[in-house]
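Asks: Could you have a look at this structure, given as structure tokens, before my questions?
Read-outs: derived from the displayed coordinates by stated rules, not from any lab. These numbers come from a predicted model, not from an experiment. No Cβ is skipped: glycine too gets one built from the backbone with ideal geometry, and neighbour counts run over all protein chains shown.
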Amino acid sequence: MEFDFATPVERRHPQGGDASHWPSQKWHRYGGEVLPLWVADMDFVSPPAVLEALRARVDHGVFGYGLVPDSLRETLCAWSAEHYGWAIEPDWQLWLPGVVPALHLASLALTEPGDGVLTLTPIYPPFLRVAERTGREPQQAPMRSPARPGEPWRLDLEALAAAITPRTRLLLWCQPHNPTGRVWSREELAGLAELVERHDLLVVSDELHCDLLLDEGARHRPLAATFPALASRILTLWAPSKTFNLAGLTTACAVIPDPGLRRRFARGIKGLTPDGNVLGLVAAEAAYAQGDPWRRALLAVLRGHRHSLTERVARWPGVAMSPPESTYLAWLDLREAPALQGGASPCRALLERAGVALSDGADFGWPGFARLNFGTTATQLEAALARLDGVLAA
Ligand SMILES: Cc1ncc(COP(=O)(O)O)c(C=O)c1O
């Protein structure tokens, strides 16, 4: 089946309004003529099967409090078994209104005030605020940046071990990693697992981007499945939101194999979150049950975009990028770009001078870097890269 990843969809709300156009954060934050390659949402229409299921649900017409259907639980079990060889159970799943809420809820439910909550940097910005927002102690460890341009970012186990204190209780882990797109190797994960056990830590493993592996040989290894001895310490977060472009339907799932941990988490979050989003649950089931051909077609498009971007970056003096092994996000090192020296942050300079909005690395804990979202049509990506060329290739 053919899917359309080429036709740009209008995501700006035009002046004067028009009921067929819906405003989006991505296209509205900067407005005007700026081309937005920042927030992690794609400019693609979701899979046809998802749209069809949503239409049927809307036709039902009643939107009172829903229940998580058994069929959704079974569908996620099947997806997990097929793609990751992990036999999860229906009752391990707690469906929630988003991954970021789940990070905060885990901190509240599984740690005590003053406990240390540890994360790597650079990292998707909400990770950096969970500890403070929940009255815990923020702890951070830097990743190892590439020794040479183009080499992968790596886990720095020594830095991670050095950041652990007797107060450290919870690790907020991200795999595949946002913003570098890194798919951790088995060796890196084994080192991590050893640290987790030695320091008696709990782990929230945000595996939101796991269905978007770009490297042919890359393999996602769910942390809890790879190290069964640690499964009682791990809460895995999955969602259809990045894979199938459904973030606005606020639906995610915490997979918790250990009954004790599951009870603790469920008890700790009671009353703090809304019940499931009835449309989001329907979309999730359709996506996992019928969306795989669309996902595979998407991956081919994203691989092409990654290639175009890699070629372009090679022409920009002083800009380095390790091609992401996963996700539609690229992490650019702009610190040495002669065109961006002095003045505002490189990201702000590109916004002002090229009219392209990237995500500022400072928000990820690494100033001088920027994250670029290439989950858009070839036309829009090409237009944005041409603008960046105008500043960076000079
Ligand atoms: C690693 C990671 N976690 C969480 C989120 C946000 O998830 P949600 O919209 O379900 O809160 C994102 C969004 O980009 C992300 O990249």
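Asks: Determine which single condition V62 fails, assuming it passes every other condition in (1) of a type in the set (V, I, T); (2) surrounded by 11 or more Cβ atoms within 10 Å (Cβ to Cβ); (3) away from the ligand (no atom under 16 Å from the Cβ).
Replies: (2)
Asks: When only residues in the stretch 17-59 that are of a type in the set (D, E, K, R), assigned to a loop (DSSP other than H, G, I, E, B) and buried (at least 16 other Cβ atoms within 10 Å of the Cβ) count, which is farthest from the chain's Cα centre (by Cα)?
Replies: Restricting to residues being of a type in the set (D, E, K, R), assigned to a loop (DSSP other than H, G, I, E, B) and buried (at least 16 other Cβ atoms within 10 Å of the Cβ), the top hit is D43.
Asks: Any residue at all in the stretch 207-219 that is surrounded by 22 or more Cβ atoms within 10 Å (Cβ to Cβ), closer than 24 Å to W92 by Cβ and more than 16 Å from the ligand (Cβ to nearest atom)?
Replies: no
Asks: Filter the stretch 252-293 down to the residues that are among the aromatic types (F, W, Y) and under 19 Å from the mean Cα position of the chain (by Cα) and list them by number.
Replies: Matches in the stretch 252-293: Y288 only.
Asks: Checking L37 against (1) within 16 Å of the ligand (Cβ to nearest atom); (2) among the aliphatic types (A, V, I, L, M); (3) within 26 Å of D292 (Cβ to Cβ), only one condition comes out false. Which one?
Replies: (3)
Asks: Okay, moving on. So for the stretch 258-268 (the condition being of a type in the set (K, R), part of a helix (DSSP H, G or I) and without any contact (Cβ under 8 Å) to a residue 40 or more places away in the chain), does at least one residue qualify?
Replies: There is at least one residue in the stretch 258-268 that is of a type in the set (K, R), part of a helix (DSSP H, G or I) and without any contact (Cβ under 8 Å) to a residue 40 or more places away in the chain.
Asks: Can you pull out the residues in the stretch 349-388 that are charged (D, E, K, R) and either without any contact (Cβ under 8 Å) to a residue 40 or more places away in the chain or assigned to a helix (DSSP H, G or I) (or both)?
Replies: Listed by number, the residues that qualify are E352, R353, D360, D363, E382, R387.
Asks: I need the full set of residues from the stretch 366-386 which are buried (at least 19 other Cβ atoms within 10 Å of the Cβ) and not polar (S, T, N, Q), in order please.
Replies: Result: W366, F369, A370, R371, L372, F374, G375, L381, A384, L385.
Asks: Moving on to the next point. Which one of these does S232 not meet: (1) touching a Pro at 6+ places or on another chain (Cβ under 9 Å); (2) buried (at least 19 other Cβ atoms within 10 Å of the Cβ)?
Replies: (2)
Asks: Which members of the stretch 93-117 meet the condition of being away from the ligand (no atom under 16 Å from the Cβ) and buried (at least 22 other Cβ atoms within 10 Å of the Cβ)?
Replies: Matches in the stretch 93-117: T111 only.
Asks: Within the group P323, P317, which residue is under 27 Å from R296 (Cβ atoms), away from the ligand (no atom under 16 Å from the Cβ) and out of contact with any Phe, Trp or Tyr (no Cβ under 7 Å at 6 or more places or on another chain)?
Replies: Going through P323, P317 in turn, just one is under 27 Å from R296 (Cβ atoms), away from the ligand (no atom under 16 Å from the Cβ) and out of contact with any Phe, Trp or Tyr (no Cβ under 7 Å at 6 or more places or on another chain): P323.
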